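The values are calculated or read from the model by the stated rules, or taken from the named source; none is laboratory data. It should be emphasised that the depicted structure is a prediction, and the values quoted were computed from it without experimental measurement. A quick note on method: Cβ atoms are made from the backbone with ideal geometry, for glycine too, and the neighbour counts reach across all protein chains shown.
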Amino acid sequence: MILNPETDLILTRTLMAPRALLWDCWTQPQHLVHWFVPRPHRVVACDLDVRVGGRCNTTFEVEGRIMPNEGVYLEVIEGEKLVFTDTYTEGWKPAPDPFMTAIVTFADAPGGGTTYTAVARHRSPEAAKTHADMGFFDGWGTVAGQMEGYAQDLDARTMVLERVIAAPVQAIWRAWTDPEALPKWWGPDGFSCRTRRIDLREGGEWVFDMIGPDGKVWPNHHRITRHQPPSLIRYELLTGENGPRHADVRATFDAVEGGTRVRLSMTFADQAQHDGAKGFGAHELGLQTLGKLARQVGAP
């Protein structure tokens with residue numbers, strides 16, 4: 001990234017939180033509203049469509065004033081980079097009085113933290129000076145700290161399952177996205193799935209009952225929010241059809257020596273649900289599920 005010191009304001013911090021969760025803070029409305037403006041100011045509305053050309057709209061309440069902000073995303077690299085601007089609104093409609101373009105990047109830092117860089121790019125040195133005088137460094141520095149604290153809370157209620165499976169990434173992807181294959185292996189040992197509705201494309205859903213060895217039924221609803229073949233699947237886990245949100249789930253598939261590293265990360269809706277799942281043995285049961293996936297693709 002080429003920077004212009006006359007028009008670009010730059011903030012860099014090392015944040016002690018996982019990069020994936022900081023990304024979630026920036027790209028999921030239910031998280032962004034908690035940290036995006038310095039307290040006691042508030043985000044009162046947030047509408048994000050995180051794709052190139054998608055809307056990036058927020059509304060702030062600052063000392064009783066309502067401040068709408070509309071823009072679009074110009075670049076989205078999952079987990080690494082976001083570029084958005086108020087030069088346009090959704091549908092590439094030119095804005096009458098644009099202010100800036102923001103470039104936000106995330107990189108792993110030593111010690112488990114994340115190097116976080118935010119650049120505010122302006123159309124002129126005068127516009128950059130105006131933004132600096134408005135308090136860019138204090139304001140963006142404050143919200144970076146708020147984001148770090150919020151991401152640490154997310155980390156405390158996140159459960160991670162990981163296994164290297166002796167199969168290529170494409171085989172794992174097919175097993176996870178084939179509506180015939182997924183119900184055959186999903187769930188711990190001795191559990192089965194009874195599908196009510198299944199569409200495993202981005203924007204689709206899987207509504208099903210998980211049935212335990214004793215016949216007990218757990219209703220499930222997966223809303224699929226992201227497919228990035230063949231490396232990423234994201235979905236919302238609801239308790240029963242259109243029920244309350246139980247967790248946000250990210251599954252990643254990376255080619256490594258010996259096969260594919262499968263990583264399933266579940267961020268629960270609150271600490272109580274995380275602790276309840278942990279007490280129930282969800283981590284061990286989840287590893288059993290990944291074992292069934294390995295058998296599904298013919299791995300030992």
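Below, the figures for the structure above:
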quantity: Flag for residue 142 being closer than 30 Å to residue 101 by Cα and at pLDDT 95 or above; calculated: yes
quantity: Boolean, residue 194 is of a type in the set (Lys, Arg) and touching an Asp or Glu at 6+ places or on another chain (Cβ under 9 Å); calculated: yes
quantity: Condition broken by residue 246, with the remaining ones in (1) within 24 Å of residue 164 (Cβ to Cβ); (2) surrounded by 13 or more Cβ atoms within 10 Å (Cβ to Cβ) satisfied; calculated: (1)
quantity: Filtered residue count, segment 186-240, keeping only those that are surrounded by 16 or more Cβ atoms within 10 Å (Cβ to Cβ), in contact (Cβ under 8 Å) with a residue 24 or more places away in the chain and acidic (Asp, Glu); calculated: 0
quantity: Cross-chain or 6+ apart pairs with Cβ under 7 Å, segment 36-64 first and hydrophobic (A, V, I, L, M, F, W, C), then part of a loop (DSSP other than H, G, I, E, B); calculated: 43/33; 43/36; 43/37; 46/33; 56/71; 60/37; 60/41; 62/41
quantity: Identity of the residue in segment 21-67, more than 27 Å from residue 266 (Cα to Cα) and of a type in the set (Val, Ile, Thr), that ends up nearest to the chain's Cα centre (by Cα); calculated: 59
quantity: Search result, residues across segment 259-281 that are under 22 Å from residue 292 (Cβ atoms) and either modelled with pLDDT under 95 or of a type in the set (A, V, I, L, M) (or both); calculated: 262, 264, 266, 277, 280
quantity: Selection status of residue 106, buried (at least 17 other Cβ atoms within 10 Å of the Cβ) and either in the same structural domain as residue 22 (by TED's automatic domain parsing) or at pLDDT below 95 (or both); calculated: yes
quantity: Every residue from segment 178-192 that is touching a strand residue (DSSP E or B) at 6+ places or on another chain (Cβ under 7 Å) and over 11 Å from residue 222 (Cβ atoms); calculated: 179, 183, 187, 191, 192
quantity: Selection count where residues are at positive phi and buried (at least 19 other Cβ atoms within 10 Å of the Cβ), scope segment 259-300; calculated: 1
quantity: Test: residue in segment 127-148 that is within 24 Å of residue 28 (Cβ to Cβ) and in contact with a Cys (Cβ under 7 Å, 6 or more places away or on another chain); calculated: yes
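Yes/no matrix, rows are residues, columns are (1) over 25 Å from residue 22 (Cα atoms); (2) surrounded by 15 or more Cβ atoms within 10 Å (Cβ to Cβ); (3) free of Cβ contacts under 8 Å to residues at least 40 places away in the same chain:
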position: 93; (1), (2), (3): yes, no, yes
position: 97; (1), (2), (3): yes, no, yes
position: 122; (1), (2), (3): no, yes, no
position: 128; (1), (2), (3): yes, yes, no
position: 136; (1), (2), (3): no, yes, no
position: 146; (1), (2), (3): no, yes, no
